[in-house]
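Novice: Can you read through this structure? Questions will come right after.
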Amino acid sequence: MKMKKMIFAVVMLSLLIGCSNQQKQETPSITFELSQLEEMAPQFVGKEIVLKGTIDHVCEHGGARMFLVGKTPSERIRIDAGEDMQFDPAWEGNTAYVTGILEELRIDSAYLDKWEQEVRANKGGEAASKVHTGEEGHEKTENNMENELQQIADYRTALYDSGKDYLSFYSVRCLKYQIVEEFDSEKGND
């Protein structure tokens with residue numbers, strides 16, 4: 001009798017493990033570090049991923065964008081707020097886990113031509129084609145025609161230097177996030 005119960009328990013455990021493994025295989029999320037972004041991103045465009053990074057900047061224009069960084073400044077990605085979502089500038093410096101859809105913006109010569117036309121037509125108003133990189137102090141220089149024209153010229157140079165037909169800029173359309181507040185000894189957090 002004990003042997004039958006043991007066999008039954010092993011079979012049930014095997015079924016449970018098998019079912020839980022099937023669920024894991026069906027989950028579309030792919031988790032990776034920002035350091036792997038350039039290498040892995042092309043194969044995951046349009047797919048749900050999970051990223052972990054430090055919140056470097058939250059745009060003050062309604063909290064629609066934030067930027068995560070990894071261990072080096074070059075490990076940086078823009079996170080666009082999802083529907084009914086807003087990011088808080090108070091989160092800067094904290095760690096975030098972001099689940100979202102990886103998107104790619106390809107910038108080629110035609111894109112840069114269109115962007116330049118928009119800048120010149122708007123005479124300093126924000127162009128729809130503008131690339132938002134969240135660089136430090138960008139709020140003070142936004143809507144400045146000369147700064148945007150310089151950014152376009154820099155992208156033209158980078159495009160030429162790359163030897164490719166386009167530059168890729170990756171971002172994540174946020175579906176959900178978790179903010180992990182870092183311990184700050186000056187605040188006396190326990």
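Novice: What does the net charge come to around Ala41 if you take all other residues with beta carbon closer than 13 Å to its beta carbon, with K and R at +1 and D and E at -1?
Specialist: Around Ala41, the surrounding residues sum to -2.
Novice: Using per-residue counts of other Cβ atoms within 10 Å, averaged over each peptide, order 69-76, 94-101 from highest down.
Specialist: 94-101, 69-76
Novice: Estimate the FRET efficiency between Arg120 and His61 by the formula 1/(1 + (r/R0)^6), using the beta-carbon distance for r and 25 Å for R0, to the nearest 0.05.
Specialist: It comes out at approximately 0.65.
Novice: Which order do Asp80, Asp154 fall in if you start with the one that has the fewest other Cβ atoms within 10 Å?
Specialist: Placing the least packed residue first, the sequence is Asp154, Asp80.
Computed from the coordinates by the stated procedures, all read-outs in this text should not be read as laboratory data. The structure presented is a predicted model; accordingly, all values stated were derived computationally and were not measured. Positions of Cβ are backbone-derived with ideal geometry, glycine not excepted, and every protein chain shown enters the neighbour counts.
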